[in-house]
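Data first, discussion second: the structure below is written as structure tokens.
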Amino acid sequence: MHRFLSGKRVRHRILVLNQVDHFRFNRASLINVGFLESGNDTDYIAMHDVDLLPLNEQLDYGFPEEGPFHVASPELHPLYHYKTYVGGILLLTKQHYELCNGMSNRFWGWGREDDEFYRRIKAAGLQVRRPTRIETGYETFQHLHDPAWRKRDQKRIAAQKQEQFKVDREGGLNNVRYRIESRTALSVAGAPCTVLNILLECDMSETPWCTFG
């Protein structure tokens, strides 16, 4: 990613958001934390799945001034092709992310958080934009996820089955609870990045499905 973005002359900082608590995976909360920890010298964010890498240098990673820009659009993503999909790689100005109040913190386990975020984008009056004139189709990205090696946590526990389809109108950036266990600056083959080890907190009265217990 450093080589790709540098070649496009996009000034960037790479944050690796690593969840180290004992709760189930919460992608949305991790992205909220990344936003809050990104510093005042950044003006937009890339919500970027760690297992998705761009292969086509024509992909635009520039400032998404006109609204959220979905780099990994349904026409290009190797797996997800429904029209309201906004996962994978999504660019937003920090102003627009705040306008959406970030992402919901209620989604523990894999999936659904980006579908709920699509509704937030619409509720904020924003229009999702997507790449045009990209001719590499489903070969546009390298998808590195091996489900046999890293199985996704797709269990739905108790009330979570009904909750997963609801819109969270209260939570987001305003109520994400966490602690940074460590912040480590690394250089990987000349590419600088910062690894944040993050301890998320869970309100068991609100989302008891944050654990398997």
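When residue 98 is tested against the conditions (1) surrounded by fewer than 17 Cβ atoms within 10 Å (Cβ to Cβ); (2) part of a loop (DSSP other than H, G, I, E, B); (3) at pLDDT 95 or above, the lone failure is (2). The requirement of being under 30 Å from residue 181 (Cβ atoms), open to solvent by 10 Å² or more (accessible area, probe 1.4 Å) and at pLDDT 95 or above is not satisfied by residue 92.
Identify all residues within the stretch 198-210 that are of a type in the set (S, T, N, Q) and open to solvent by less than 30 Å² (accessible area, probe 1.4 Å); write none if there are none.
Hit for the stretch 198-210 is 207, nothing else.
When residues of the stretch 62-72 are filtered for being open to solvent by 10 Å² or more (accessible area, probe 1.4 Å) and either in contact with a Cys (Cβ under 6 Å, 6 or more places away or on another chain) or not hydrophobic (A, V, I, L, M, F, W, C) (or both), how many remain?
Residues of the stretch 62-72 that are open to solvent by 10 Å² or more (accessible area, probe 1.4 Å), as a first pass: 62-63, 65-66, 69.
Cutting the leftovers down to either in contact with a Cys (Cβ under 6 Å, 6 or more places away or on another chain) or not hydrophobic (A, V, I, L, M, F, W, C) (or both) gives us 62, 65-66.
Qualifying residue count, the stretch 62-72: 3.
Filtered by the rule that a residue be part of a strand (DSSP E or B) and within 20 Å of the chain's Cα centre (by Cα), the stretch 160-191 gives 178, 179, 180, 183.
Do the conditions hold for residue 75, that is, is it at pLDDT 95 or above, more than 26 Å from residue 41 (Cα to Cα) and open to solvent by 80 Å² or more (accessible area, probe 1.4 Å)? Give the steps one after another, and end with the answer.
Details: at pLDDT 95 or above: yes; more than 26 Å from residue 41 (Cα to Cα): yes; open to solvent by 80 Å² or more (accessible area, probe 1.4 Å): yes.
Judged against the criteria, residue 75 is a match.
The lone criterion from (1) within 21 Å of residue 25 (Cβ to Cβ); (2) touching a strand residue (DSSP E or B) at 6+ places or on another chain (Cβ under 6 Å) left unmet by residue 129 is number (1).
In the stretch 182-209, the residues that are on the phi > 0 side of the Ramachandran plot form Cβ pairs under 8 Å with partners that are outside any strand (DSSP E or B) and modelled with pLDDT of 95 or more, at six or more places apart or across chains, as follows: 190/2. Residue count for the stretch 118-149 satisfying the condition of being under 18 Å from the mean Cα position of the chain (by Cα) and of a type in the set (D, E, K, R): 5.
Looking at the stretch 10-49 only, could you name the residues that are free of Cβ contacts under 8 Å to residues at least 60 places away in the same chain and within 15 Å of residue 87 (Cβ to Cβ)?
Step one: of the stretch 10-49, the residues free of Cβ contacts under 8 Å to residues at least 60 places away in the same chain are 10-12, 38-49.
Correct list: 45, 46, 47, 48, 49.
If you go through the stretch 145-188, how many residues are at pLDDT below 90, of a type in the set (A, V, I, L, M, F, W, C), over 25 Å from residue 98 (Cα atoms) and loosely packed, with under 15 Cβ neighbours inside 10 Å?
4
The values are calculated or read from the model by the stated rules, or taken from the named source; none is laboratory data. Values in this document were obtained by computation on a predicted structure and should not be read as measured data. Please note: Cβ atoms are built from the backbone with ideal geometry, for glycine as well, and neighbour counts cover all protein chains shown. What goes into the accessible areas is simple: the full protein's heavy atoms, side chains included, and nothing from ligands, DNA or RNA. Shrake-Rupley method; radii C 1.70, N 1.55, O 1.52, S 1.80 Å.
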